[in-house]
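The values are calculated or read from the model by the stated rules, or taken from the named source; none is laboratory data. Here the structure is a predicted model, which means the values were calculated and not measured. Reconstructed Cβ throughout: ideal geometry from the backbone, glycine too, with neighbour counts over all protein chains shown.
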Amino acid sequence: MLLDCVDEGLSVLGNEPKQAVYQYLVTIHSLDREQIPDKVDEFSAALRKALGSASRVIERLILKKLFQRIGSTFRETADLEFTDYVMDAKRRFEIVSMKHSDLAEGLRSKKGQVPS
């Protein structure tokens, strides 16, 4: 899910610049696209080096899309970094997923019950 949001966020640059950013990540930072979810800190630092202050705009776009995908709203706070927001989104997604799986489990267990 995060990779899709990164793709969408970088797409505002255009396809060729997006591919150039991915190439930069691999060549200069040894960071493959598929490694981004596991190395969010490195991705953010590399994006900052590649795009300078424009990286903040791209990060915000990525975060807005990510929070939208998990059914939440992105709210920016001055003391949080990109990595903090990604971790928060992951935590929220896990909570929502657990609630849905608990609900589904409850429905499955009730299906097999015989009314008294």
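Summary table below
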quantity: Selection status of residue 39, of a type outside the set (A, V, I, L, M) and touching a Gly at 6+ places or on another chain (Cβ under 7 Å); calculated: no
quantity: Count of the stretch 1-25 residues which are surrounded by fewer than 16 Cβ atoms within 10 Å (Cβ to Cβ) and in a helix (DSSP H, G or I); calculated: 10
quantity: Residue list for the stretch 26-44, restricted to those being part of a helix (DSSP H, G or I) and not polar (S, T, N, Q); calculated: 26, 28, 29, 33, 34, 36, 37, 38, 40, 41, 42, 43
quantity: Filtered residues of the stretch 26-48 (kept if surrounded by 14 or more Cβ atoms within 10 Å (Cβ to Cβ) and either acidic (Asp, Glu) or in contact (Cβ under 8 Å) with a residue 40 or more places away in the chain (or both)); calculated: 40, 42
quantity: Pair list, Cβ under 8 Å, 6 or more apart: the stretch 66-86 residue among the hydrophobic types (A, V, I, L, M, F, W, C), other residue part of a loop (DSSP other than H, G, I, E, B) and modelled with pLDDT under 95; calculated: 66/1; 66/74; 67/73; 67/74; 70/1
quantity: Residue check, residue 47 closer than 16 Å to residue 83 by Cα, of a type in the set (A, V, I, L, M) and in a helix (DSSP H, G or I); calculated: yes
quantity: Whichever residue in the stretch 64-101 is in a helix (DSSP H, G or I) and of a type in the set (Gly, Ala, Ser) and, among such residues, is nearest to residue 43 (Cα to Cα); calculated: 89
